[in-house]
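Report on the following structure.
The values are calculated or read from the model by the stated rules, or taken from the named source; none is laboratory data. Predicted, not measured: the structure shown is a model, and the values here were computed from it. Neighbour counts run over all protein chains shown; Cβ positions are idealised from the backbone, glycine included. These area figures cover heavy atoms from the full protein model, side chains too; ligands, DNA and RNA do not enter into them. Shrake-Rupley method; radii C 1.70, N 1.55, O 1.52, S 1.80 Å.
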Amino acid sequence: VKITLISGSHRTQSESARVSRYIESRVKSLISADSFRFELTNNPLPMWDESIWDDGEVWKTSWLPVADEISSSDALIWVVPEWNGMLPSGVINLLHLCSAKEVSHKPALIVSISSSRNGAYPISQMRMNTGKNNRMLYIPEHIIIRDVKQMLVGDAPANDDDQFIRARIDYCLRLLEQYALALRQVRESGVIDHKSFPNGM
Ligand SMILES: Cc1cc2nc3c(=O)[nH]c(=O)nc-3n(C[C@H](O)[C@H](O)[C@H](O)COP(=O)(O)O)c2cc1C
């Protein structure tokens, strides 16, 4: 199994990047999966425009290498911070770039983070409408990491919340691996017909 991890913060010193690195280490040690980690730090991707439909030059160096990594993955993990009660704009941009070609019928785990007590809104925003056309499948479990600066820092859990979050991450990774294996069968079934039905309803 290969898993793509996305860190959804544009910030240079971002907690999302730190959390995504922690989760990647668990991906490797707990479920022995291959991984590809992609950070939106410093906005590595241009803003979506129509030239992507004509394989515009700018996309060849920026997006296509990332798209290839995602295409060869069986599952995704989105580590997304809550900014002003929303997803950062770079995450929305990336979701516009992710087409059915890269992510359709692949399981995805959402991990939302907050330095305080919030963090629910990015989950609802992701779940509400970001898979209509690309057919990415968010698994029923998700994770909200509150007080993120105190979580997943040292080798040992700092407190009960940290211990709970670490256990929850491990549980979700095991589950994601099973969805990844199971959904291969759906993708290989021959039933999927994106020619007749290119967009979701
Ligand atoms: C522009 C901005 C807006 C924020 N708005 C919220 C918010 O609405 N809710 C919240 O819980 N935290 C908010 N925070 C605090 C973040 O939870 C905290 O900075 C966290 O570390 C962000 O993740 P990042 O470090 O990966 O960017 C905001 C942070 C930034 C930079």
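Overview of results
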read-out	value
Principal axes of segment 41-152: Cα extent on each, largest first, Å	44, 29, 24
Accessible area (Å², per residue) of segment 40-189, counting only protein heavy atoms and a probe of 1.4 Å	51 Å²
Area of LEU95 that stays accessible when all protein chains are in place (1.4 Å probe, Å², to 10)	20 Å²
Rounded percent of accessible protein surface that carbon and sulfur make up, the chain, 1.4 Å probe	51 percent
Point-to-point label distance, GLN163-LYS149, nm (Cα→Cβ direction, 7 Å offset)	2.4 nm
Rough spin-label spacing in nm, given labels placed 7 Å along Cα→Cβ, for MET47 and ILE92	1.1 nm
222 nm mean residue ellipticity, helices alone, for the chain (DSSP H n ≥ 4; -39,500 (n - 2.57); rounded to 500)	-12000 deg cm²/dmol
Net length gained if the chain between ASP55 and GLU141 were fully extended (0.36 nm per residue, minus Cα distance)	27.4 nm
Residues of segment 62-87 with amide N under 20 Å of a point placed 7 Å along Cα→Cβ from LYS2	62-79
Cleavage-rule hits (trypsin sites (Lys or Arg not before Pro)) in segment 117-180: DSSP loop, at most 13 neighbouring Cβ within 10 angstrom	ARG117, LYS132
Segment 1-68: chymotrypsin sites (Phe, Trp or Tyr not before Pro) in DSSP loop, at most 15 other beta carbons within 10 Å	TRP48
Partners for LYS28 among aspartates and glutamates (Cα-Cα distance below 17 Å; same-chain residues under 8 apart left out)	GLU69, ASP74, ASP155, ASP170, GLU177
Equivalent ellipsoid dimensions for segment 80-145 as semi-axes, Å, which come from the Cα gyration tensor, largest first	21, 13, 8
Nearest-0.05 FRET efficiency for LYS28 and SER115, computed from C-beta distance (R0 22 Å)	0.25
Compactness relative to 2.2 N^0.38 Å, alpha carbon Rg of the chain	1.00
Relative contact order, percent, the chain [alpha-carbon distance under 8 Å, six or more residues apart]	22 percent
Where Cα atoms sit under 18 Å apart: lysine pairs in segment 88-201 separated by 8 or more or lying on different chains	4
Prolate/oblate/rounded label for segment 34-104 (Cα gyration tensor, a/c 1.5)	oblate
Spin-label zone in segment 55-75 - amide nitrogen under 20 Å from a point set 7 Å from the Cα of GLN178 along the C-beta vector	74-75
